[in-house]
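Notes follow once the structure below has been shown.
The values are calculated or read from the model by the stated rules, or taken from the named source; none is laboratory data. Note that this is a predicted model, so its numbers are computed, not measured. Note: ideal-geometry Cβ built from the backbone for every residue, glycine included; neighbour counts use all protein chains shown. Surface areas here come from the heavy atoms of the whole protein model, side chains and all, with no ligands, DNA or RNA. Shrake-Rupley method; radii C 1.70, N 1.55, O 1.52, S 1.80 Å.
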Amino acid sequence: MALSCAYLDADAHMVCLAHALSTEKEEIMGLLIGEIDEKRVCHVSAVIMLRRSDKQPDRVEISPEQLSAASTRAEHLANELQRPMRVIGWYHSHPHITVWPSHVDVRTQAMYQMMDEGFIGLIYSVFNEDKNTKHNRIQLTCFQAINQSPEGEAPQYMRIEVPLHIVPTECLGKSSLQSLIELPEILSQEELEAYRRTTHIKDLDLLTKINNSAVYTRSVCHIMEVMTGPLIQSLENRLENNHRTLERLQLEKEQILKELDEGPKHRSISPPKTTSV
């Protein structure tokens, strides 16, 4: 039975989008953490970014170890927020291509729904230029898979779109902030693993080794320029905004205390009422 709709917290959406925009050469992916209520409505409140063991321009995979680690993290988050939380979906990017899921995406989604029928999939289509405005266009879809084949025949899966709503949040949650901080580290680890694999190749000439080292250095510098620098600037802006908010709240507190102190002095005391007999 398909879900009626899905709600995605704005800060979790921002983390997914930042992850999707981190590279335009390969697809990225992560897992969605949240809960499904009795009305078959999905609520996503946190995400877990996954490190890619093998970069592919057109597909991504989740290892059993990553899924197990995500389940453990969901349990910790449930204890922290004091509400039921579990892995309820996955997200991945489609750089330079349509937002609609491929037949591989639909089959992958169907496989996940065999474990949990409420599992959802999000796809972020990024780095697509609008032909009319020439601006970068970002699209998002939420889907599940259904089997269209009659009983007894080989399954034929097709996508079914799930209505998605972005829920505004007052501030960046602790879990989302932690995910943003982990993003540059995840990207750096992916580049390091790719470089280390080249060092295990035998009979490489010196020029090839120097080239591989230069490519790795350039990739790390690109991560620092595109991800780490803006992230630090964003955190500094957030800290400055928190300081201003703290100063404003402190002034409001002093004003309230002042009004409370002055209140009894200006309060008129009425004489007691007498009753004539």
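List of remarks:
- Taking the chain as a Gaussian network of alpha-carbon nodes connected by springs under 10 Å, the highest mean-square fluctuation of the residues Val126, Val44, Val215 belongs to Val215.
- Stretched out straight at 0.36 nm per residue, the stretch from Gln156 to Met115 would grow longer than its current Cα-Cα span by 13.0 nm.
- For a paramagnetic label modelled on Arg218 (point 7 Å from Cα along Cα→Cβ), amide N atoms under 18 Å away belong, within the range 14-31, to 23-26.
- Where Rh is the Kirkwood radius over Cα pairs, Rg/Rh for the range 23-160: 1.00
- Nearest-0.05 FRET efficiency for Cys5 and Gln148, computed from C-beta distance (R0 22 Å): 0.50
- Top of Gly118, Gly30, Gly229 by mean-square fluctuation, Gaussian network on the chain, Cα under 10 Å: Gly229
- Over 32 Å between alpha carbons, listed pairs Lys25/Lys131; Lys25/Lys174; Lys39/Lys174; Lys25/Lys134; Lys174/Lys258: Lys174/Lys258
- Based on every Cα atom in the chain, Rg and the maximum pairwise Cα distance Dmax equal 26.1, 117 Å.
- The slack in the chain from Thr98 to Arg137, taken as 0.36 nm per residue of separation less the alpha-carbon distance, amounts to 13.0 nm.
- The range 203-253: equivalent-ellipsoid semi-axes (sqrt of 5 x gyration tensor eigenvalues, Cα, Å): 47, 6, 4
- Choice from Met111, Met227, Met29 with maximal GNM fluctuation in the chain (Cα, 10 Å cutoff): Met111
- Computed in the context of the full set of protein chains, the accessible area of the range 205-264 at 1.4 Å probe radius has 60% of its extent on carbon or sulfur.
- Between helix 10-20 and the chain: long-axis angle, C-alpha atoms, 0 to 90°, nearest 10: 20 degrees
- Expected 222 nm ellipticity per residue - DSSP helices of 4 or more, -39500 (n - 2.57), all of the chain, to 500: -15500 deg cm²/dmol
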